[in-house]
Each structure stands twice: as structure tokens, then as C-alpha cells.
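A.B. asks: Before we start, here is the structure in question, set down as C-alpha cells.
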Amino acid sequence: MKIITWNVNGLRAVWRKGEFQNLIKKHKPDVLAIQETKSHIEQLEDNTKDHAGYYSFFESATMRKGYSGVAIYSKEHPLKVTGTLGDKKFLDDEGRTIIAEYKKFYLMNCYWPNGGKSSEHFQYKLDYYDKFLSLAKKLEKKKPVIFLGDINATVADIDLARPKENKGQLGCTDDERSRLAKYCEEFIDTYRDKYPTKVEYTWWDMKTRSREKNVGWRIDYIFISKSLKDKVKSIKILGDMMGSDHCPVVLDIDL
């Protein structure tokens, strides 16, 4: 099974550029999980919403249009799809989470909060990390879990080009790293497990044209339950895929 995660930074935009279609045509994912759709279903063209060969499921922000949003395109119809962490404290109206239950596993697609708006929003981000991990562990008691998406922080210094300059800054704080360390204790970061010392990035700041210089961050991840470790065939960062300030990550796993 081939599973891809990609923060598209606007589904309608990446569709107009043709990169969404290119990704599906070239890599033929069984499941494509996307973040930052920045759209509601009624704003999408039919061939974007209902892409040939795929069932599609969306969770969009209801607090305001053009914000956040996640979606899953799947060749197999899931047993169940939900869009909540199950806690009123974490606003489901931001469209950050979508969970699909399959016969053999759960897939959790998430666009984690950035946390840069205020100190309160940063604490919200930390609490979100904790709640998400709690839910992932709860689901894992039933069947293996794969969770993925834009985690909006780095696990370690190796995951960004300029760790010294960014030490203690948003995305590199001790508070964020300590939460993500728990993720890595409980689940497997598939890319880092496969490539302990390899340096690749998944996001580049467009304002500074940092992609041209490859001054980036690895903030897009695919985590799996430890029971699935031996089923991983390959994990790749598709750094040459354009259309967004993020690039896709693809996991090939025997499920």
C-alpha cells in the first residue's frame, strides 16, 4: 500500500497548477492525505472533489473560509471516517483532523497548529500535541495506527538547515521537542528510522526563496505503530514535487 501525505497550501491552487494530478498520475497512491486544503467542498470543482478512482473525505474549517482543512483520497472505502479529537477543548471547527478506519489499521491525518499567534495559542498547540498522542494510543489498542501530516515543528536539529539560528524559536522550542520526543517513543518516525543521518526537508519559506538554496525544515511526517515496523518497504521525501511550499512524503508499506 502506498500512502502519501502532502500539505498542498491550497487545494484549488495546486489543482490549477496541475501538480495534484501529476502526483496521482506518477505515484498512484492508495491513500493521499492532504493538509491546508483552504477550501470547502462547495468551492471545489467536481473533478477535484471526486477524483477518478478515489473516494474523498473532507474536514474544512467552519470558523472562516480559506483556512486550514484536511482531506483523504482513498482507493478503498474506509469502514468509518470521523473528523474530531473527541474533546471540546480542541476546536473541530478548525478542520485540522480526519481519521479513517480501515480493516487493518487507523489512518490519522492532521494539520497540527502553528502556535505563533500568541502565548495562549502556543499553549493550545502543546495541548493539541498531548491530546493527539493520547487518542493515537487509544486507537492503537484496537488496531495499528498510521498518523501523518504537517506537524509544524522539528523533532531534532537534523531536521532543519539552520538549527543554531533557530534554537528556541517556534518549531524548535524545548516544549515542542519534548512533546515530539514522546511521539517518537510511542510510535516510529518512518523516515528517521530508515535514514538516521540523512538530511532532507519538506518545507521551505517562500518569502525568502529558501527552496532555491535548500534552506528548509522537515516538518511533514509519517508515524506508524511499532507493530508495523517490519512491513515498511520504503519511505521517500519527494523534494522535486512542486506546487506548494511543502513537498509530499510517500510511504510504501505492506498492509
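Coordinate-derived values only; no laboratory data. No experiment lies behind these values; they were computed from the predicted model shown. Heads up, the Cβs are rebuilt from the backbone with ideal geometry, glycines too, and the neighbour counts pull from every protein chain shown.
A.B. asks: Which shape class, rounded, prolate or oblate, goes with the range 108-255 when its Cα gyration tensor gives a ≥ b ≥ c as root eigenvalues, a/c under 1.5 marks rounded, and past that a/b bigger than b/c marks prolate? It would help to have the intermediate numbers written out before the result.
C.D. replies: On the way: a/c = 1.84, a/b = 1.17, b/c = 1.57.
Cα axes put the range 108-255 in the oblate bin.
A.B. asks: What's the FRET efficiency of N166 with K65 using the Cβ-Cβ distance as r and R₀ = 30 Å, to the nearest 0.05? Working shown, then result.
C.D. replies: On the way: r = 32 Å, r/R0 = 1.06.
Efficiency for this residue pair is about 0.40.
A.B. asks: Can you work out the PRE-style zone for S234? Point 7 Å along Cα to Cβ, and I want the residues of the range 191-220 with backbone N under 19 Å.
C.D. replies: Once the point is set 7 Å along Cα→Cβ of S234, 191-202 turn out to lie under 19 Å by backbone N, inside the range 191-220.
A.B. asks: How far is the Cα center of the range 139-208 from the Cα center of the range 1-22, in Å?
C.D. replies: With the range 139-208 and the range 1-22 each reduced to a Cα centre, they are spaced 21 Å.
A.B. asks: Still on this structure, I have one more. Neighbouring Cβ atoms within 10 Å as the yardstick, rank M108, M1 fewest first. Could the numbers behind the result be given before it?
C.D. replies: Numbers: M108 23, M1 18.
With the sparsest Cβ surroundings first, the list reads M1, M108.
A.B. asks: Here is a follow-up. Pairs K182/K236; K207/K236; K117/K229: which exceed 30 Å Cα-Cα?
C.D. replies: Numbers: K182/K236 23 Å; K207/K236 26 Å; K117/K229 37 Å.
Over 30 Å Cα-Cα: K117/K229.
A.B. asks: Hey, got a sec? Which trypsin sites (Lys or Arg not before Pro) in the range 97-151 land in a DSSP loop and have at most 13 other Cβ atoms within 10 Å? Provide the component values of the computation, followed by the final result.
C.D. replies: Working: sites: K103, K104, K117, K125, K131, K137, K138, K141, K142; in loops: K103, K104, K117, K141, K142.
Those that pass, being in a loop and sparsely packed, are K103, K104, K117, K141, K142.
A.B. asks: Could I have the simple spin-label model distance between N214 and R177, label points 7 Å from Cα toward Cβ, reported in nm to one decimal?
C.D. replies: Each label point lies 7 Å from its Cα, and together they span 2.4 nm.
A.B. asks: Read phi for every residue in the range 94-106 and hand back ³J(HN,Hα) as whole Hz from Karplus 6.51 cos²θ - 1.76 cosθ + 1.60, θ = phi - 60°, with x for Gly and Pro.
C.D. replies: Using θ = phi - 60°, the values come out as 8, x, 9, 9, 9, 10, 10, 9, 10, 4, 10, 6, 9 Hz.
A.B. asks: Okay, moving on. Expressed as a fraction of 2.2 N^0.38 Å, the rule-of-thumb size for a compact globular protein of N residues, what is the C-alpha radius of gyration of the chain?
C.D. replies: Details: Rg = 16.8 Å, N = 255, 2.2 N^0.38 = 18.1 Å.
Dividing the Cα radius of gyration by 2.2 N^0.38 Å gives 0.93.
A.B. asks: Which listed residue (Y73, S134, G168) has the Cα farthest towards the positive end of the charge dipole for the chain, taking +1 on Lys and Arg C-beta and -1 on Asp and Glu C-beta about the Cα centre?
C.D. replies: Farthest towards the positive pole: Y73.
A.B. asks: Given the range 36-188, report the % of alpha carbon pairs whose separation exceeds 28 Å. Mind showing how you got there, number by number?
C.D. replies: On the way: 2853 of 11628 pairs.
Within the range 36-188, distances greater than 28 Å cover 25 percent of Cα pairs.
A.B. asks: Evaluate E = 1/(1 + (r/R0)^6) for T197 and S227, where r is the Cβ-Cβ distance and R0 equals 35 Å; express this FRET efficiency to the nearest 0.05. Kindly include the intermediate steps, with their values, before the conclusion.
C.D. replies: On the way: r = 26 Å, r/R0 = 0.73.
Once the sixth-power term is evaluated, E becomes 0.85.
A.B. asks: Of K38/K138; K25/K131; K17/K103; K38/K164; K65/K233; K138/K167, which pairs sit farther than 31 Å apart, going by alpha carbon to alpha carbon? List each step's numbers first, then the result.
C.D. replies: Values: K38/K138 29 Å; K25/K131 36 Å; K17/K103 35 Å; K38/K164 33 Å; K65/K233 39 Å; K138/K167 33 Å.
Result: K25/K131; K17/K103; K38/K164; K65/K233; K138/K167 exceed 31 Å.
A.B. asks: Normalised by the empirical 2.2 N^0.38 Å for globular proteins, what value does the Cα Rg of the range 13-126 take? Show your work: numbers first, answer last.
C.D. replies: Details: Rg = 14.8 Å, N = 114, 2.2 N^0.38 = 13.3 Å.
Normalised Rg, Cα atoms only: 1.11.
A.B. asks: Return the inverse of the average 1/r over all pairs of distinct C-alpha atoms in the range 162-244, which is the Kirkwood hydrodynamic radius, in Å to one decimal. Display every interim value, and only then the final one.
C.D. replies: Numbers: mean 1/r = 0.0692 Å⁻¹.
About 14.5 Å for the range 162-244.
A.B. asks: Using a basic spin-label model with each label point 7 Å from the Cα along Cα→Cβ, how many nm lie between E185 and E120?
C.D. replies: 3.1
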